[in-house]
1. Run down 72, 22, 45 and say which single residue is of a type in the set (Val, Ile, Thr) and either open to solvent by 80 Å² or more (accessible area, probe 1.4 Å) or more than 19 Å from residue 95 (Cα to Cα) (or both).
2. Which one of the conditions (1) open to solvent by less than 60 Å² (accessible area, probe 1.4 Å); (2) more than 23 Å from residue 394 (Cα to Cα); (3) charged (D, E, K, R); (4) at pLDDT below 90 does residue 317 fail to meet, given that it meets all the rest?
3. Report those strands (runs of 3 or more DSSP E) wholly inside region 88-187 carrying at least 3 residues which are open to solvent by less than 30 Å² (accessible area, probe 1.4 Å) and either closer than 30 Å to residue 212 by Cβ or not hydroxyl-bearing (Ser, Thr, Tyr) (or both).
4. Could you look through region 55-69, keep only residues that are surrounded by 14 or more Cβ atoms within 10 Å (Cβ to Cβ) and not basic (Lys, Arg), and pick out the one that is modelled with the lowest pLDDT?
5. Just give me the residues in region 31-54 being more than 15 Å from residue 134 (Cα to Cα) and either among the aliphatic types (A, V, I, L, M) or in a loop (DSSP other than H, G, I, E, B) (or both), in sequence order.
6. Filter region 75-87 down to the residues that are among the aliphatic types (A, V, I, L, M), open to solvent by 40 Å² or more (accessible area, probe 1.4 Å) and assigned to a strand (DSSP E or B) and list them by number.
7. I'm trying to understand the selection: among the residues of region 393-423, which are within 20 Å of residue 368 (Cβ to Cβ), open to solvent by 20 Å² or more (accessible area, probe 1.4 Å) and in a helix (DSSP H, G or I)?
8. Which residue pairs have Cβ atoms closer than 7 Å, lie 6 or more positions apart in sequence or on different chains, and pair a first residue in region 387-416 that is within 14 Å of residue 360 (Cα to Cα) with a second residue that is of a type in the set (Ser, Thr, Tyr) and surrounded by fewer than 22 Cβ atoms within 10 Å (Cβ to Cβ)?
Amino acid sequence: MRRRLVIAIAGVAAVAVLLLAVPLGIVLSNHYRDEELLRLQRDTVAATREIDVPTNPADRVELPPSADRLAVYDRAGRRLAGAGPRLAPAPVGEALRRGKLTETSSDGVLSAAVPLLAHERVTGAVLAQRPDDAAVSDARGAWLVLGVVALGIILAAALAAALLGRRLAAPLERLATAARRLGEGDFSVRSERSGIAELDEVGAALDSTSARLDQLIRRERSFSADASHQLRTPLQALRLELEAVELRGQAPPEIGAAIGQVDRLAATIDTLLAVARDTEPSEATVDLGGLVDDAESRWRGPLAISGRPLRVRLETRQTHARASAPVVSEVLDVLLDNASRHGAGTVTMSLRQREGWLILDVSDEGDGFADAALAFERRATAGSSHGIGLALARSLADAEGGRLAIADPGPRPTVRLTLAAAV
């Protein structure tokens, strides 16, 4: 912003100075030339007082000493004395015809023709010529002064623009810093007032947004903590009841499985609550190969009951990713549960590495997603409930700095989890 403001103001100042300085320079140049012509005319008139055109052609015309080049012409336009064209040039002819002084300026030479009078009759004319070096020198000096002044004005405008830009940019930079801190989760941030009404309005709106977000996040975290507590209490009671049944002896084998599901549900609640409370991606590392093996052991049995095999393909030796193990495990369970409920045939988990990322695919042989664009919607339609679990899995993946997407909507759909590989 500062640079654009400086360039804009300096550019406007430069255009304004040029529009003023160029015509002024031209006027001054013409003025210096006219002054030099006036001096030449004055000197020529003074020289004519010492020049007489003789009536006898044999008499010689005497020219006074002069720094200018002088030439004397008779009424017929013939040169009688001095240095100049043999025949009268245009200024001399004009002076002889009109009986008045004439002057011209061309090719770097100033010329003045003054008629010679005797008894109020024109008897000839004197042509005086001198170079316009003096006028050019004066004009060059004027242009130099104008250039220096113009440069000073442009620099002053640029300096003023820089100061103005600093005054305008400083509160904007403070607002940007406040917005950045707000985006990072610091809801206590408040913007400083700058005295500029428009910017202060933006700052007030940002402060109001920060306060509302702070209240909203506090309510959501309080609700999450309360819901977690309310869920843990009955789960713990349920686990105690199941363990009591198991200790009585001759307990059915389903009791152990039920206790395992209770523990898994409790772990899921703890994981979701931890993710909800955390605002930054986890810096922990996880062995995806180990998690895939654990998921295989948990899901091979349930899938086998339905006559569906579970296969695992590890295509990389580097299996460590930057993520939290419980979170990735929860995402993997959601994907396998989705394949179990809505898929068909063999379920395959494959892990590979590509350009610093670990890619974990979960696929099956079912028909796939009817509308992949709606797969991650949180509210399920009457015909599909893919989106409820997948939306949660995507949120968990985003919280770990990863990405969950549908690589192939089907048939034979593939859901892909991408995580940054640990260095």
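The values are calculated or read from the model by the stated rules, or taken from the named source; none is laboratory data. Only a predicted model underlies this, so the values are computations on that prediction, with no experimental measurement involved. A quick note on method: Cβ atoms are made from the backbone with ideal geometry, for glycine too, and the neighbour counts reach across all protein chains shown. In case anyone asks, the SASA skips ligands and DNA or RNA and just uses the protein heavy atoms, side chains included. Shrake-Rupley method; radii C 1.70, N 1.55, O 1.52, S 1.80 Å.
1. 22
2. Tallying (1) open to solvent by less than 60 Å² (accessible area, probe 1.4 Å); (2) more than 23 Å from residue 394 (Cα to Cα); (3) charged (D, E, K, R); (4) at pLDDT below 90, residue 317 fails exactly one: (1).
3. Of the strands (runs of 3 or more DSSP E) lying wholly inside region 88-187, those with at least 3 residues that are open to solvent by less than 30 Å² (accessible area, probe 1.4 Å) and either closer than 30 Å to residue 212 by Cβ or not hydroxyl-bearing (Ser, Thr, Tyr) (or both) span 109-118, 121-131.
4. So, considering only residues that are surrounded by 14 or more Cβ atoms within 10 Å (Cβ to Cβ) and not basic (Lys, Arg), the one modelled with the lowest pLDDT is 61.
5. Residues satisfying the conditions are 45, 46, 47, 49, 50, 51, 52, 53, 54.
6. Selection gives 80, 87.
7. 394
8. Correct list of pairs: 402/418; 403/418; 407/414; 408/414.
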